[in-house]
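For reference, the structure is listed below as structure tokens.
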Amino acid sequence: MKTAIYIRVSTNLHVKEGYSIDEQKEKLLEYAKFKGLEIARLYIDEGVSGKSVEARDQLLQLLEDAKNKLFEFVLIYKLIRLGRNSKVLLEIEETFRLNGVSLISFSKDVNTNTPTGKLLFTMLGGIAEMERSTISTRMQLGKEQKVREGKVVQKTTNRVYGYDYKEDADENILMVVNPQESYGYS
């Protein structure tokens, strides 16, 4: 049974240290060998968020190869490695299913080839999205606390409502309260 392996890490720190990619690869190759799966190809996205598909070149190639029926299974370490958005996960799984490809998750023993596996996939996808939202909320609260303490805050692509970015003399990025959006807090 031809099998593709998909590996992803979301932070550049994981990419530089290499432990997460190497750990996933080692475990998945061992699992494939134990199950007698023939590895068609490894797809590795390094330092890319699981929030969407567009920025993940290897995932896009994996989906294209699934459409071309180059393998029967996709093996992943954890569902969150495939994505952290329920809609995206369901769309990926649908692409696999429509092309005769089953998804196997090593860590939770999920196989979408079975009714129970499909149910678990859907439930775990929702949990993965909730975890991403929880992390995002915690990060936002942490940034707001740093602002109140006058500490440097890393600038992100998502503007925080109620705050503006301002560079200080040392080119540090600070968040400052935007009075028009602050609900009276300053």
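Since every read-out is calculated from the coordinates, none of them should be taken as a lab result. For clarity, every value in this text was computed on a predicted model and none was experimentally measured. Cβ atoms come from the backbone with ideal geometry, glycine included; neighbour counts cover every protein chain shown.
Observations on the model:
- Distance in nm between pseudo-label sites at residue 131 and residue 23 (7 Å out along the Cβ direction from Cα): 1.2
- Pairs with C-alpha atoms separated by more than 24 Å, drawn from the list 33/69; 35/69; 2/27; 78/151; 25/69, are 78/151.
- Length released on extending from residue 94 to residue 68, taking residue separation times 0.36 nm less the Cα-Cα span: 7.9 nm
- Amide H contacts of residue 7: 43, 44, 45, each under 5 Å away and 5 or more positions distant or on a separate chain (H built 1.01 Å from N in the peptide plane; Pro and chain starts excluded).
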